[in-house]
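Written out below as structure tokens is the structure these notes cover.
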Amino acid sequence: MTDPRTIAGIYLHWPYCERKCPYCDFVSQAIDNPPAADYADAVIREFQSRKDELEPTRVVSVYFGGGTPSLMPPADMARILDSLATHAPLENCEITIEANPSSALSAFLVDARQAGINRLSIGVQSTNDEILHFLGRIHDRKQAIAALKAARLAGFDNISVDLILATQPSTVAHVERDLDLLLAHEPEHLSAYCLTIEPETAFGQRATRGEILATDDDQALLQLDYLRRRLADAGYDHYEISNYAKPGLRAVHNSLYWSGSPYLGLGPGAHSYWMDAAGRHHRRENERDPARWLGRMKANQDAAGFVEILSADNLALECIITGLRLLDGLTGREFENRTGQNLIERFGVAIDKTVAAGWCEVAADPTGDVLLRLTPQGLDLAESVFLEFSMVLD
Ligand code: SF4
């Protein structure tokens, strides 16, 4: 197994969208004519000034996230990838772009494939037009299905689709219909999240006025349970709390986050994580405001919003929270390699408590090492499990 500390990813945040969705708390702003050429120049400049943070790792993934990066002209993507390739060979890399069905049109997809993009993550969210309207999305079912077809025709053989469950007033029947339509196109990967209401969003404001925007927990669990059974029957491996893949096609990029590998984040609000030569773990968030980030890049200034060195406690908790998201679980050896700490000494109390509650189980991996993982019940209560582990450190 590859040591996760020896491989890395590059994340590029494109902050522009056609319209702001009312549930969205990502760094994104609605704009008519995004400054694509300036953005590409600035990302290239940021990469050139920070590429040493990737040393001495091998880059295995490049991810264009957003925002709606399918609004970026493919020629600018190609320019960015050419610049990355001067430092990091990209031949065997997973190179993903998030695409909104409204902008994932045939010509764009053909050009993006030509530019070097080899994986597409399509924000379908739902195939029900009423739910899409409720979510404030600018696409409809027809466009979502057309994007999937166009992606196959453009030569994409690694496609992921995103779904949002548990929106008011959805039911299991909606999820059934979504999967009927989507699985017909055999996407290689699927991510499904329940709608969460973030306070700083339009939905957050409506919720404080008493509107019910998400289903209750029981309905959400019914939808999740149906989705899991249906995807298992269709041959998908449920490998992370919210992610499912055809065998051998887990998301390389997100797996870096869950395994504790370093990543370099470029663009407004992008996060980075890396270890320095002294073994200290750094976390950084870029300036979030797109115009201010662009201004700093043009002035050849660093665009850090904050940088912190993780304490031993934070590192241990982060390892638990990311490691337990994977259904394979976390071994004592992985925990020790990532944190320099002993899993049982550090979290024995929380492990006993969550095992007694039926949320976690302790087993032995094939080498006899201790293996900690979530039970099916723990999968549904992951936030409560993580809270138990965080309380040990208080
Ligand atoms: S398209 Fe995505 S990033 Fe843009 S506003 Fe909607 S949810 Fe947010």
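The values are calculated or read from the model by the stated rules, or taken from the named source; none is laboratory data. Bear in mind that the values here come from a model prediction, so they are computed numbers and not experimental data. Counting neighbours? That spans all protein chains shown, and the Cβs are built from the backbone with ideal geometry, glycine included.
The table that follows gives values for the structure above.
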quantity	calculated
Residues being more than 16 Å from the ligand (Cβ to nearest atom), in a strand (DSSP E or B) and acidic (Asp, Glu) - total across segment 87-105	1
Residues of segment 365-386 classified as surrounded by 12 or more Cβ atoms within 10 Å (Cβ to Cβ), out of contact with any helix residue (DSSP H, G or I) (no Cβ under 7 Å at 6 or more places or on another chain) and among the acidic types (Asp, Glu), total	1
Pairs with Cβ under 6 Å, 6+ apart, first in segment 47-71 and among the charged types (D, E, K, R), second in a loop (DSSP other than H, G, I, E, B)	LYS51/HIS87
Single residue of segment 1-37 satisfying the filter (polar (S, T, N, Q) and in a loop (DSSP other than H, G, I, E, B)) that is nearest to the ligand (Cβ to nearest atom)	SER28
GLU345 vs. criteria outside any loop (DSSP other than H, G, I, E, B), of a type in the set (D, E, K, R) and surrounded by fewer than 18 Cβ atoms within 10 Å (Cβ to Cβ)	yes
In segment 106-134, the residues that are within 16 Å of the ligand (Cβ to nearest atom) and either closer than 30 Å to GLU211 by Cα or more than 21 Å from the chain's Cα centre (by Cα) (or both)	PHE108, ILE122, GLY123, VAL124, GLN125, SER126, ILE131, LEU132, HIS133, PHE134
Failed criterion for VAL362 (all others in (1) in contact with a helix residue (DSSP H, G or I) (Cβ under 7 Å, 6 or more places away or on another chain); (2) among the hydrophobic types (A, V, I, L, M, F, W, C); (3) in contact (Cβ under 8 Å) with a residue 24 or more places away in the chain hold)	(3)
Scope segment 348-362; condition small (Gly, Ala, Ser) and either surrounded by fewer than 17 Cβ atoms within 10 Å (Cβ to Cβ) or closer than 20 Å to VAL252 by Cβ (or both); matching residues	GLY348, ALA356, ALA357, GLY358
Condition met for PRO34 (at pLDDT 95 or above, out of contact with any Leu (no Cβ under 7 Å at 6 or more places or on another chain), buried (at least 17 other Cβ atoms within 10 Å of the Cβ) and under 19 Å from ALA303 (Cβ atoms))	no
Residue match in segment 171-183 (condition: touching a residue at least 12 places away in the same chain (Cβ under 8 Å), within 27 Å of ASP237 (Cβ to Cβ), within 16 Å of the ligand (Cβ to nearest atom) and of a type outside the set (Phe, Trp, Tyr))	no
Verdict on LEU120 being touching a strand residue (DSSP E or B) at 6+ places or on another chain (Cβ under 8 Å), surrounded by 17 or more Cβ atoms within 10 Å (Cβ to Cβ) and more than 25 Å from ILE80 (Cβ to Cβ)	no
Meets criteria (over 23 Å from GLY378 (Cβ atoms), out of contact with any His (no Cβ under 6 Å at 6 or more places or on another chain) and surrounded by 13 or more Cβ atoms within 10 Å (Cβ to Cβ)) for LEU213	yes
Every residue from segment 165-180 that is in contact with a strand residue (DSSP E or B) (Cβ under 7 Å, 6 or more places away or on another chain) and either of a type in the set (Asp, Glu) or under 13 Å from LEU227 (Cβ atoms) (or both)	LEU165, ALA166, VAL175, ASP178
Among (1) closer than 26 Å to SER28 by Cα; (2) touching a Phe, Trp or Tyr at 6+ places or on another chain (Cβ under 7 Å) - the single one ILE320 does not satisfy	(1)
Among (1) surrounded by 22 or more Cβ atoms within 10 Å (Cβ to Cβ); (2) closer than 18 Å to LEU264 by Cβ; (3) more than 20 Å from the chain's Cα centre (by Cα) - the single one GLU53 does not satisfy	(1)
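Results for (1) more than 27 Å from LEU387 (Cβ to Cβ); (2) at pLDDT 95 or above; (3) surrounded by 15 or more Cβ atoms within 10 Å (Cβ to Cβ), shown as yes or no for each residue.
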| position | (1), (2), (3) |
| --- | --- |
| ARG284 | no, yes, yes |
| ARG296 | yes, yes, yes |
| GLY305 | no, yes, yes |
| ALA312 | no, yes, no |
| LEU315 | no, yes, yes |
| ILE321 | no, yes, yes |
| LEU327 | no, yes, yes |
